[in-house]
1. Could you give the length gained on full extension between Thr2 and Trp78, defined as 0.36 nm per residue of separation minus the Cα-Cα distance, in nm?
2. Around Arg32, what is the net charge, scoring Lys/Arg as +1 and Asp/Glu as -1 over all other residues with Cβ under 9 Å from its Cβ?
3. Using just the helices of the chain, give the 222 nm mean residue ellipticity in deg cm²/dmol: DSSP H runs with n ≥ 4 each add -39,500 (n - 2.57), and the total is spread over all residues, rounded to 500.
4. Compute the acute angle (0 to 90°) between the alpha-carbon long axis of helix 52-66 and the principal axis of greatest extent of the alpha-carbon atoms of the chain; round to the nearest 10°.
Amino acid sequence: MTKEHVMAALRGVTDPELGISIVDLGLIYDVRLGGGRVDVDMTLTSSGCPMGRLIASDAEEAIRQALPGVDVAVRVVWDPPWTADRLSADAQRILGYDS
């Protein structure tokens, strides 16, 4: 189990409003592994995001499916605040930030 395995699982989780991976949106801040456990700190593009709980739940489920038998905790954090600078090149292109 590596951070790359976790990130690959999270890449399959999309923001339901934007249809873009939470990894490409830059929402994943930290992944910690150890003792059969995965802890993820993530954020949302806005503190008022109505889909926040669903996205965090989808992230937990994606990790559980990819890495059966591990304990998973996904925590939504607000510091540092998310900015568009965290977008991947693909997300920038899709959202029109590359013009």
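1. 24.9 nm
2. Details: positive: Lys3, Arg37; negative: Asp30, Asp39, Asp41.
It works out to a net charge of -1.
3. Values: 3 runs with 31 residues, N = 99.
So the helix-based figure for the chain works out to -9500 deg cm²/dmol.
4. 50
Since every read-out is calculated from the coordinates, none of them should be taken as a lab result. This structure is a prediction, so every number in the text was calculated from the model and none was measured. Virtual Cβ from ideal backbone geometry, glycine too; neighbours counted across all protein chains shown.
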